[in-house]
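Notes to accompany the following structure.
The values are calculated or read from the model by the stated rules, or taken from the named source; none is laboratory data. What you are looking at is a predicted structure, and each value in this text was computed from that prediction instead of being measured. Ideal geometry is used to build each Cβ from the backbone, glycine not excepted, and the neighbour counts take in all protein chains shown. Protein only, heavy atoms only, side chains kept; ligands, DNA and RNA dropped before computing areas. Shrake-Rupley method; radii C 1.70, N 1.55, O 1.52, S 1.80 Å.
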Amino acid sequence: MLYGRCKNVCANRLLFLRIALIVIGLTFIFGIYLLGIVWPTGWTWGHGHSHYLLMIIGVYATLGVFLLIASRDPYAYKSIIWFTVWSSVVHGAIMTAQAFNDAAERGHLIADVPALFLVAIVLAVLMPRTAP
């Protein structure tokens, strides 16, 4: 009985992980650019034209493609998933410090900063710790 229940819970967790990887991957590919257009004070850093924006969109779009690939078999791609978790934490922590130090960037504390921490939490909670 316990094994059957664990099997169902693990299957559901894997399904939710796969869905999360698809949603996050598509957001990284398409959403960051769109959010930067719709809400620049929360999703783009600096003012006016920025080479940084295109660079970060390129990096995150590439990561998004790999998260879509990982959604097919998350355990086989666990290193890219854990990279996404930890790089999101580090990136979010750095951006938090920068937003507190620069009043013009405080809008990020209610936009891309919490989004990065949310990505890290969702993937860390759903990622299996052992092989299926």
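Here VAL23 clears all of (1) open to solvent by 80 Å² or more (accessible area, probe 1.4 Å); (2) in a helix (DSSP H, G or I); (3) over 18 Å from LEU118 (Cβ atoms); (4) not basic (Lys, Arg) except the condition numbered (3). Scanning segment 113-132 for residues that are open to solvent by less than 30 Å² (accessible area, probe 1.4 Å), touching a residue at least 40 places away in the same chain (Cβ under 8 Å) and either over 20 Å from SER71 (Cα atoms) or not in a helix (DSSP H, G or I) (or both) gives a single hit, MET127.
Of all the residues in segment 35-52, those that are within 24 Å of LEU67 (Cα to Cα), in a helix (DSSP H, G or I) and in contact with a helix residue (DSSP H, G or I) (Cβ under 9 Å, 6 or more places away or on another chain) number 5. Considering segment 31-46, the residues that are at pLDDT below 90 and of a type in the set (Ser, Thr, Tyr) include one that is surrounded by the most Cβ atoms within 10 Å (Cβ to Cβ), namely THR44.
Do we have any residue at all in segment 53-72 that's assigned to a helix (DSSP H, G or I), more than 19 Å from VAL125 (Cα to Cα), open to solvent by 30 Å² or more (accessible area, probe 1.4 Å) and among the small types (Gly, Ala, Ser)? Checked segment 53-72: at least one residue is assigned to a helix (DSSP H, G or I), more than 19 Å from VAL125 (Cα to Cα), open to solvent by 30 Å² or more (accessible area, probe 1.4 Å) and among the small types (Gly, Ala, Ser). Restricting PHE83, PHE28 to residues that are surrounded by fewer than 17 Cβ atoms within 10 Å (Cβ to Cβ) and within 26 Å of VAL125 (Cα to Cα) narrows the list to PHE83. LEU109: open to solvent by less than 70 Å² (accessible area, probe 1.4 Å), closer than 16 Å to LEU35 by Cα and either out of contact with any Phe, Trp or Tyr (no Cβ under 6 Å at 6 or more places or on another chain) or among the β-branched types (Val, Ile, Thr) (or both), yes or no? Yes; evaluated as a whole, the condition is true for this residue.
Residues in segment 87-112 that are over 24 Å from LEU15 (Cβ atoms), under 14 Å from the mean Cα position of the chain (by Cα) and in a helix (DSSP H, G or I): 7 in all.
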